[in-house]
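No lab work stands behind these numbers, since they all come straight from the coordinates. Please read all numbers here as calculations on a predicted model, not as lab measurements. Glycine also receives a Cβ, built like all others from the backbone with ideal geometry; neighbour counts cover every protein chain displayed.
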Amino acid sequence: MARAPVGVGPLPAEMRAVVHHEFGPPDVLVPARLPVPQPGPSEVVLRVLAAAVDYAQLHIRRGGSGRVGSTREPAYGIGEPPYVRGGSVCGEVVAVGSNVSGVTLGSWHLVGGLRPGAYVEYGVVNASALRRPYPNRPGPTAVPDGLSPAEIAAFDYAPVAYHTLRVAAGLTEGETVLLHAAAGGTGILAVQLAKAFGARVIATAGGDAKTSLVRSLGADVVIDYRAEDFVSAVLKTTDGRGVDVVWESVGSDVFTRSLDCLAEAGRLVSFGSNSFTGEGTVDFYPFWTKNISLIGWGGANNAEAHAPEIMADLLRLVAAGELRPVVARLLPLEEAAEAHRMIEAREAAGKVVLAPDVKVATTSRRSRYRAGPARRNPAPV
Ligand SMILES: NC(=O)c1ccc[n+]([C@@H]2O[C@H](COP(=O)([O-])OP(=O)(O)OC[C@H]3O[C@@H](n4cnc5c(N)ncnc54)[C@H](OP(=O)(O)O)[C@@H]3O)[C@@H](O)[C@H]2O)c1
């Protein structure tokens, strides 16, 4: 006989959320109330502790997929409004479906693909998603210890930084890498990882606050590309040789001009378009004369980036104090529009994170369990 969902207590009927009914500028994001989703037999309900604001969600909110303004922009079909934007969530299990076993109520997990989205108080995922970072080790082990929920949500961009650099671009010890948007939510992790891999790091960022942050994270050379020409600066600091790897998510002329920064046999990995421009004119000359390579990254790479050996390496680096996400701003859920605006205005140094309860989002697991007797011995179900 089918069991009813099991939970820590009755879920409320309604929850706070942020939705949009049309595509457009940040202020299309508005607070709303939605029904709390019920879990299917193989699903779990997570209480959202923190939700990282993901750049891809800015593209989708605008109505595109990185090619906005392009004549080749496809119509973006994502169902009927109201839309709820997604992203990486640190959530706590509060109920499980009738067929779910091996999941602990009260455990914390890092997930993407929450339904109806990330900008909510409660969301549903298939229980198999909780095992994503550790396919061979089920259970409440999916988040780094000692970090707050806001930092854990921001940490979910570390696999992207790791895989783009190490696997896609093949960055090795002793090589030189140029990191663009190095003060962004993914960039700050890439700086620390490239240093951990033993590379010489040349980083670009816009403005004093961002360049200071990137310098404090260990970058060897930091270029403020609002103030100086980054191509000249890179060639100057490498004695005209150029870099082995360019890590590129800005697009537009930053992409095309970065080809001039590559050394012989250099590799450029492209994994985003923060400039909201998906097209450009490429000069192929350096491909023939310098044997350079262009590597695209995205889609299925995201799952590969969460492979157990990569996650294990990332957690080891966090535990060793060599890797730490930086939360630029932690805002209440209802301020999602402000969060999107800040990122588009390039005001954020680090990751912008939203939380239904800001206090909970800043409290690490250890102190939270101590504070809450109801959660002290979460029961496996
Ligand atoms: N392909 C995939 O599957 C995948 C997966 C995850 C992430 N990504 C990509 O990874 C990139 C980084 O993501 P993120 O969420 O961490 O974003 P982010 O780097 O925090 O984005 C903000 C940064 O972009 C830079 N930027 C450059 N041009 C900009 C412009 N025209 N408008 C606004 N900002 C601009 C800004 O730095 P400055 O002010 O210093 O220039 C800013 O710090 C994004 O392109 C995202 O789409 C791709």
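Dipole orientation for the chain: of the candidates VAL269, ALA219, GLY40, GLY40 has the Cα lying most toward the positive pole (charges on Cβ; Lys, Arg +1; Asp, Glu -1). Computed packing ranks the peptides 54-64, 243-253 as 243-253, 54-64, most packed first, by mean other Cβ atoms within 10 Å.
Using the Cβ of ASP220 as centre and a radius below 13 Å, the other residues enclosed give a net charge of +2, where K and R count +1 and D and E count -1.
Placing unit charges on the Cβ atoms of the charged side chains and taking the dipole of the chain about its Cα centre, the candidate lying farthest along the positive direction among ALA182, GLY86, LEU315 is LEU315. Close amide H partners of ILE223, meaning residues 5 or more places away or on another chain with modelled amide H under 5 Å apart, are ALA203, THR204, ALA205. Helical content alone sets the calculated 222 nm signal of the chain at -6500 deg cm²/dmol, taking -39,500 (n - 2.57) per DSSP H segment of four or more residues and averaging over every residue. Take the Cα of ASN301, step 7 Å toward its Cβ, do the same at GLU264, and the gap between the two points is 2.7 nm. Summing +1 for each Lys or Arg and -1 for each Asp or Glu among the other residues whose beta-carbon sits under 10 angstrom from that of GLY242 gives -2.
The simple spin-label model puts a point 7 Å past each Cα toward its Cβ; for ALA13 and GLU173 those points are separated by 6.3 nm. Under the classification rounded if a/c is under 1.5, otherwise prolate if a/b is larger than b/c and oblate if not, where does the stretch 158-299 fall, given a ≥ b ≥ c as square roots of the Cα gyration tensor eigenvalues? The shape class here is rounded. With 0.36 nm allotted per residue and the present C-alpha distance subtracted, the PHE287-ALA319 stretch has 7.4 nm of extension available.
In this simple spin-label approximation, SER128 and GLU228 carry label points 7 Å from Cα along the Cα→Cβ vector, and these lie 5.2 nm apart. Helix 308-319 and the longest principal axis of the Cα set of the chain meet at an angle near 90°.
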